[in-house]
Amino acid sequence: MSRMLGRHRGGEYEQPLEQLLDELREERSAVRASIQALDLPVRQYKQVGAWVGEKFSRAKLNGHLLSRSPLSDLVEFEFIATAVLAKRAGFETLREIAAVDSRLDGDLLDRLIAQADKQHDWLADARREVAARVFGGRVGPADAAASS
């Protein structure tokens, strides 16, 4: 995410990406607190595996060894939008647990779910804008794209 922010420094996506990064940090803290509240173990090898996977994904062979591919921005926005949907699903699961387990803060989880919805809405719009720049075309609202 920091790499993507660096790529868009000074551009139209800088401020929203900075806000997204701040929100992701807050969410990470909330998830860690939830894990601790539920007395669940933290698996370090899974965290290392995720980190290695993320680094490995950057080593793609796209014909642009020393420069970015024109598709890189689009792929990054698509990846982050998908990751936001996945984390939202995790928040929904925790919210269901919070309904029967007072160790979790249901109000916080409701807020995180709403925040993930806003994040995904913005990312979907940004992804469409980037796609239009890469492939040409007109950017329209998400509802129009879905009903076409």
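Condition (residue is at positive phi and surrounded by fewer than 16 Cβ atoms within 10 Å (Cβ to Cβ)) applied to segment 119-126: is it met by at least one residue?
Within segment 119-126 (the criterion being at positive phi and surrounded by fewer than 16 Cβ atoms within 10 Å (Cβ to Cβ)), the answer is no, since none of the residues qualifies.
Is it fair to say G106 is more than 16 Å from the chain's Cα centre (by Cα) and at pLDDT 90 or above?
yes
Hey, does segment 53-63 have a residue that's modelled with pLDDT of 65 or more and open to solvent by 70 Å² or more (accessible area, probe 1.4 Å)?
Checking segment 53-63: not a single residue is modelled with pLDDT of 65 or more and open to solvent by 70 Å² or more (accessible area, probe 1.4 Å).
If F135 meets every condition in (1) exposed (fewer than 15 other Cβ atoms within 10 Å of the Cβ); (2) out of contact with any helix residue (DSSP H, G or I) (no Cβ under 9 Å at 6 or more places or on another chain) apart from one, which number is that one?
(2)
Filter segment 96-107 for residues that are crowded, with 18+ Cβ neighbours inside 10 Å and part of a helix (DSSP H, G or I) and give the result.
A98, the sole residue that qualifies.
The values are calculated or read from the model by the stated rules, or taken from the named source; none is laboratory data. Quick caveat: nothing in here was measured; it's all calculated off a predicted structure. Please note: Cβ atoms are built from the backbone with ideal geometry, for glycine as well, and neighbour counts cover all protein chains shown. Keep in mind that these areas ignore ligands, DNA and RNA; they rest on the heavy atoms of the full protein, side chains included. Shrake-Rupley method; radii C 1.70, N 1.55, O 1.52, S 1.80 Å.
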